[in-house]
Amino acid sequence: MKNKVALITGASSGIGKSTAEAFAAKGAHVVVAARRKEELDTLVASIKAKGGKASAIQTDVSKSKDVEQMVAHTIKTFGRIDYAINNAGIEGELAPITELLEESWDKVMNINLKGVFLCMKHQAKAMIKGGHSGAIVNVGSVNSFLGFPAGSAYVTSKHGLIGLTTSVSAELAPQGIRVNLLCPGITVTPMHNRIRDLFGDDLYDKGIIPKVHLQRAGLPEEMAKAILFLCSDGSSYISGSTLTVDGGLTLTM
Ligand SMILES: NC(=O)c1ccc[n+]([C@@H]2O[C@H](COP(=O)([O-])OP(=O)(O)OC[C@H]3O[C@@H](n4cnc5c(N)ncnc54)[C@H](OP(=O)(O)O)[C@@H]3O)[C@@H](O)[C@H]2O)c1
């Protein structure tokens, strides 16, 4: 991955931040995107301090213009895109269907589903124009397969990513671009902490964690390793797939 270029959305915290650090550690040049510029700048400074190459671009993935600029910035800064990690996402308002606000539904869909569509649209154009092979990894969830009460918007957006990923995989395979969906289980990130605060420690410690075969939550670094694999030559025959990294949770639910 030395001197290859990775573009990572949702890199201001959690899984995206760890993924940017993991690519940089492998010698890739990274472009990190999210809405919070200060967090991105801190990440870029820490990658550069370790001898890596990185650049930040403030981006709201639900806005077409922002996404176009994000891709243009990547090409202008590093000349190409080899790997695109579409990780930005929100849990949104968690509420039963009878209470869920229309604007909350729209917000989750616009970031989690339309955002990935917009990103892939512009990333794929740049990759095809570059005339080289590439890999795209979208970030779904165990909720790409499983529903939960009060989670209809989030769950629907993550289910939608399966259809989006498999369709675009079929479209881009002839151009040498592989497209896959990473489906994390419970992962210790700011998102996880917010949900834990909402539902209480008991749901995690007595309800969910005992259902994980490995009896613990995952770490963002463990998701980053799986994303690196899906971009590496080690996964050269994997496209249109979902990779569940959940310590066994999905099989027990
Ligand atoms: N943690 C888990 O247990 C878990 C489990 C399954 C799946 N996932 C998925 O993993 C991905 C990363 O989540 P995380 O757990 O690392 O949560 P996180 O720490 O809250 O990170 C979410 C990232 O998405 C960015 N983001 C949100 N809205 C955005 C927007 N409109 N435009 C650009 N960036 C945006 C956030 O940055 P800004 O706020 O700065 O924009 C942040 O960098 C998400 O897609 C999530 O659904 C997480």
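For the reader, a short list of remarks on this structure follows.
- Spin-label model distance (nm) - Asp106 vs Ala173, 7 Å beyond Cα toward Cβ: 3.7
- The chain: most fluctuating residue of Asn143, Asn112, Asn180 per GNM, C-alpha cutoff 10 Å: Asn143
- Look at where the Cα atoms of segment 65-90 and of segment 201-217 average out, and the two centres are 36 Å apart.
- Sequence-separation-based contact order of segment 102-175, relative, with Cα cut under 8 Å and 6+ spacing, percent: 38
- Close amide-amide hydrogen proximity is noted between Arg80 and no other residue 5 or more places distant or on a separate chain, at a cut-off under 5 Å (H modeled in the peptide plane; Pro and chain starts excluded).
- Evaluating 6.51 cos²θ - 1.76 cosθ + 1.60 at θ = phi - 60° for every residue in segment 67-83, the Karplus couplings come out as 5, 4, 5, 4, 5, 4, 4, 5, 5, 5, 7, 10, x, 6, 10, 9, 10 Hz, glycine and proline recorded as x.
- On Cα atoms only, tilt of 190-199 relative to the major axis of the chain in degrees: 10
- Approximate spin-label separation Ser232-Ala49, in nm, with each point projected 7 Å along Cα-to-Cβ: 2.7
- For Arg35, the residues 5 or more places off, or on other chains, whose built amide H falls under 5 Å of its own are Thr59.
- 16 Å reach of a label modelled at Tyr204, 7 Å along Cα-to-Cβ, counting backbone N of segment 60-100: 91
- Using the 1.4 Å probe convention, the accessible area of the chain works out to 47 Å² per residue with neighbouring protein chains retained.
- Taking 14 Å as the straight-line reach from the Cα of Lys48, the aspartates and glutamates in range (excluding those fewer than 8 positions away in the same chain) are Glu21.
- Proximal aspartates and glutamates relative to Lys121, as straight alpha-carbon distance under 17 Å, when same-chain residues fewer than 8 apart are discounted: Asp60, Asp66, Glu68, Asp82, Glu171
- Prolate/oblate/rounded call for segment 105-205, Cα gyration tensor, a/c under 1.5 rounded: prolate
- Projecting label points 7 angstrom from Cα along Cα→Cβ for Asn193 and Thr77 puts them 2.5 nm apart.
- Amide H contacts under 5 Å for Val179, placed H, 5+ residues apart: Ile136, Gly240
- Set Lys2/Lys114; Lys53/Lys114; Lys4/Lys50 screened for pairs whose C-alpha atoms are more than 26 Å apart: Lys2/Lys114; Lys53/Lys114
The values are calculated or read from the model by the stated rules, or taken from the named source; none is laboratory data. Given the structure is predicted, the values throughout are model-derived calculations rather than measurements. A quick note on method: Cβ atoms are made from the backbone with ideal geometry, for glycine too, and the neighbour counts reach across all protein chains shown. Areas reflect the complete protein model, heavy atoms only, side chains present, ligands, DNA and RNA absent. Shrake-Rupley method; radii C 1.70, N 1.55, O 1.52, S 1.80 Å.
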